[in-house]
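Chemist: This is the structure, below, for whatever I ask next.
The values are calculated or read from the model by the stated rules, or taken from the named source; none is laboratory data. Treat the numbers as computed from the prediction; the structure is a model and nothing was measured. Note that we place each Cβ from the backbone using ideal geometry, even for glycine, and neighbour counts take in every protein chain shown.
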Amino acid sequence: IATMDFRRADFGLFRTLVERVPWEAVLKGKGVQEGWTIFKKEVLKAQEQAVPVRRKKNGRRERRPAWLNGELLLGLRKKRRVYRLWKKGQATQEEYRDLVRSCREEMRKAKAQLERNLAAVVKDNKKSFYKCINDKKRARENLHPLLDAGGNIVTEDEEKAEVLNAFFASVFS
């Protein structure tokens, strides 16, 4: 999967490439739609030159939490395998329950160990500390502005909840 890597982008080059375009001459006598198409084409052309493309592999390794070490990963895989066997009737519930408890305990220990390590090196490595803190934040603003039934833009959380509630009530009734 190819994605744009804006962290390594050369915004100075991007700015100069966009500034070099003689906009008045290029857009003179053009309609809004045609002007927008030309503008978009030029900006995308500059983006191709200034923003490098990063090829992502499967991505499984990147999503793994910092506390999830190899030993714990093997334990979780074993738990999953025993769960499947238990559902087929080839393993007992006690076996599965013991694995669940041991995995849960190992996860708690691994998380606590990570936090102890972060606390020990917080003065030297603030980035890893703040990365861990930001990962723990649960509340994130993900819901974009909505349009209500009258076509008005709704930005407040309570209003968004009312709009969604009205929509789902109309759909499911």
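Chemist: Hey, does the stretch 54-72 have a residue that's in the same structural domain as Lys131 (by TED's automatic domain parsing), in a helix (DSSP H, G or I) and surrounded by 13 or more Cβ atoms within 10 Å (Cβ to Cβ)?
Modeler: Among the residues of the stretch 54-72, at least one is in the same structural domain as Lys131 (by TED's automatic domain parsing), in a helix (DSSP H, G or I) and surrounded by 13 or more Cβ atoms within 10 Å (Cβ to Cβ), which makes the answer yes.
Chemist: Restricting attention to the stretch 118-139, and to residues there that are modelled with pLDDT under 85 and part of a loop (DSSP other than H, G, I, E, B), which single residue is nearest to Asp157 (Cα to Cα)?
Modeler: Per the stated criteria, the residue is Ala139.
Chemist: Any idea which of (1) outside the structural domain of Leu74 (by TED's automatic domain parsing); (2) closer than 22 Å to Asn69 by Cα is the one Asn125 doesn't satisfy?
Modeler: (1)
Chemist: With the structure loaded, tell me whether Leu85 is out of contact with any strand residue (DSSP E or B) (no Cβ under 9 Å at 6 or more places or on another chain) and surrounded by 11 or more Cβ atoms within 10 Å (Cβ to Cβ) or whether it fails that test.
Modeler: yes
Chemist: Would you point out which residue out of Leu13, Leu76 is hydrophobic (A, V, I, L, M, F, W, C), in contact (Cβ under 8 Å) with a residue 24 or more places away in the chain and in the same structural domain as Ser128 (by TED's automatic domain parsing)?
Modeler: Leu76
Chemist: Within the set of pairs 6 or more residues apart or between chains, which connect a residue that is closer than 14 Å to Leu68 by Cβ inside the stretch 83-112 to a residue that is of a type in the set (Phe, Trp, Tyr) and in a loop (DSSP other than H, G, I, E, B) with Cβ atoms less than 9 Å apart?
Modeler: The qualifying pairs are Met107/Trp67; Ala110/Trp67; Lys111/Trp67; Ala112/Trp67.
Chemist: Which condition does Lys127 not pass, out of (1) farther than 30 Å from Ile1 by Cα; (2) without any contact (Cβ under 8 Å) to a residue 40 or more places away in the chain, if it passes all the others?
Modeler: (1)
Quick grid of which residues meet (1) of a type in the set (S, T, N, Q); (2) modelled with pLDDT under 95; (3) touching a strand residue (DSSP E or B) at 6+ places or on another chain (Cβ under 9 Å):
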{"position": "Thr16", "(1), (2), (3)": "yes, no, no"}
{"position": "Leu27", "(1), (2), (3)": "no, yes, no"}
{"position": "Arg54", "(1), (2), (3)": "no, yes, yes"}
{"position": "Arg63", "(1), (2), (3)": "no, yes, no"}
{"position": "Asn69", "(1), (2), (3)": "yes, yes, no"}
{"position": "Gly89", "(1), (2), (3)": "no, yes, no"}
{"position": "Glu106", "(1), (2), (3)": "no, no, no"}
{"position": "Lys111", "(1), (2), (3)": "no, yes, no"}
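Chemist: Would you mention how many residues in the stretch 150-173 are part of a loop (DSSP other than H, G, I, E, B) and either under 29 Å from Pro65 (Cβ atoms) or modelled with pLDDT of 85 or more (or both)?
Modeler: 5
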